[in-house]
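The values are calculated or read from the model by the stated rules, or taken from the named source; none is laboratory data. As the structure is a computational prediction, the values presented were derived from the model and not from experiment. All Cβ positions, glycine included, derive from the backbone under ideal geometry; neighbour counts span all protein chains shown. Please note that ligands, DNA and RNA were not included when accessible areas were found on the heavy atoms of the full protein model with its side chains. Shrake-Rupley method; radii C 1.70, N 1.55, O 1.52, S 1.80 Å.
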Amino acid sequence: IVREMTEGGHRLSAGDLTFLLAREFGFCYGVDRAVDYAYETRAKFPDKRIFLVGEIIHNPHVNHRMKEMGIEFIYPEKDGHFPFDHVTSEDAVIIPAFGVTQKDFKRLKEIGCVLVDTTCGSVLVVW
């Protein structure tokens, strides 16, 4: 379908519906880098527990692949805080492409775990 739409001027009509396909799509550099770092973390630390703060990116297929690799996700509690109680200095923690708050970053540093910071440079300015 994508090939047909690309060849058809990025447009596909079916009855009364018209679908438009973006001329450029895929992952930006920061997301590509974050996903690569996550895969490399599993390869570099095959015997460590690896945690991911939230999701690596907003893509269910990529996040499912991370779970298949044995990477455990840490989701925020109802109050918005991440529970890092079960993370130890023996673990590795991946910070996602969209980063974490300075407070969460400090908490993780205090634990002494291996930190793999995949925060996109553009996002880092915001934090």
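For segment 1-93, give me the percentage of DSSP beta bridges that are antiparallel, rounded to the nearest 5 percent. Could the numbers behind the result be given before it?
On the way: 4 of 9 bridges.
Once the DSSP bridges in segment 1-93 are tallied, antiparallel ones form about 45 percent.
So how far, in whole Å, is the C-alpha centre of segment 92-127 from the one of segment 1-56?
When both Cα centres are located, 22 Å separates them.
With label points built 7 Å along Cα→Cβ from the Cα atoms of ILE1 and LEU17, find their separation and express it in nm.
About 0.8 nm, to one decimal.
Please list ILE111, ILE57 in order of solvent-accessible area, largest first, computed with a 1.4 Å probe with all protein chains present.
Details: ILE111 50, ILE57 10 Å².
So the residues, ranked largest to smallest area, are ILE111, ILE57.
So what does THR18 come to for accessible area, using a 1.4 Å probe and Å² rounded to 10?
Accessible surface of THR18 is approximately 70 Å².
Can you give the accessible area of ARG11, probe radius 1.4 Å, in Å² rounded to 10?
130 Å²
Show the residues, 5+ positions off or on another chain, whose built amide H is closer than 5 Å to the amide H of ASP117.
Correct list: ILE95.
Can you give me the angle between helix 102-111 and the longest principal axis of the chain, using Cα atoms only, in degrees from 0 to 90, rounded to the nearest 10?
50 degrees
Would you list ARG33, ARG23 from the most to the least accessible area, probe 1.4 Å?
Values: ARG33 55, ARG23 170 Å².
Final ranking, largest accessible area leading: ARG23, ARG33.
Relative to the longest principal axis of the C-alpha atoms of the chain, give the angle of the C-alpha long axis of helix 29-44, reported between 0 and 90° and rounded to the nearest 10°.
50 degrees
Find how much the distance from LYS106 to HIS81 grows on full extension, using 0.36 nm per residue of separation minus their present alpha carbon separation; answer in nm with one decimal.
Values: separation 25, 0.36 × 25 = 9.00 nm, distance 1.33 nm.
The LYS106-HIS81 span can extend by a further 7.7 nm.
So who's got an amide H within less than 5 Å of the one on PHE73, skipping anything under 5 residues away but keeping other chains? H placed 1.01 Å off N, in plane.
LEU52
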